[in-house]
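Note sheet for the following structure.
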């Protein structure tokens, strides 16, 4: 076997070992990764259209769910938050699947919750990141928070709280656990849905 062939074979083996180590690490930590498209919504969370190039990613572990969302078409200079609508037991939702606007979050068996993930003053193109811990309802507006990190269906909602204020009012716009804290008016403007990992 020539020198170049031997180097190629060694490189191939090294790459395979690296992949197996990476896979083993992911398996050992029990993480599950899922990516979904982001779409624009209107009143009543009606679908308008997909946001080009936008996506959200959830990394699920036994301790909780890490959230990242990259999107565009945002109202620059506004205070914008991301909320997780959590359906801890999606199998108890209605026949059409889990729908936040038809009362599924309020079905006791669903164990629904509304959880504030993150918020800040945005540019037209922006990124959000946060963490939803298991068993911690401190940032929950309603419900028990996240109880089932792998089995929960998660709907991420991008919410516009109006033009960014200043000082304490600004902090309340995107840090208050109530999604109703607005500067004149609020609106849910984008959504991204992650089905349960069973």
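On the basis of being over 26 Å from residue 167 (Cα atoms) and in contact (Cβ under 8 Å) with a residue 60 or more places away in the chain, does residue 75 make the cut? Steps first, answer last, please.
Numbers: over 26 Å from residue 167 (Cα atoms): no; in contact (Cβ under 8 Å) with a residue 60 or more places away in the chain: yes.
Against the criterion (over 26 Å from residue 167 (Cα atoms) and in contact (Cβ under 8 Å) with a residue 60 or more places away in the chain), residue 75 does not qualify.
Which fully enclosed strands (runs of 3 or more DSSP E) of segment 39-109 have 3 or more residues being in contact with a helix residue (DSSP H, G or I) (Cβ under 7 Å, 6 or more places away or on another chain)? Lay out the reasoning, then the answer.
Values: elements: 47-61, 64-71, 78-87.
It comes to 78-87.
Got at least one residue in segment 43-52 being modelled with pLDDT of 95 or more and under 19 Å from residue 146 (Cβ atoms)?
no
The values are calculated or read from the model by the stated rules, or taken from the named source; none is laboratory data. No experiment lies behind these values; they were computed from the predicted model shown. All Cβ positions, even for glycine, are placed from backbone atoms using ideal geometry, and neighbour counts span all protein chains on display.
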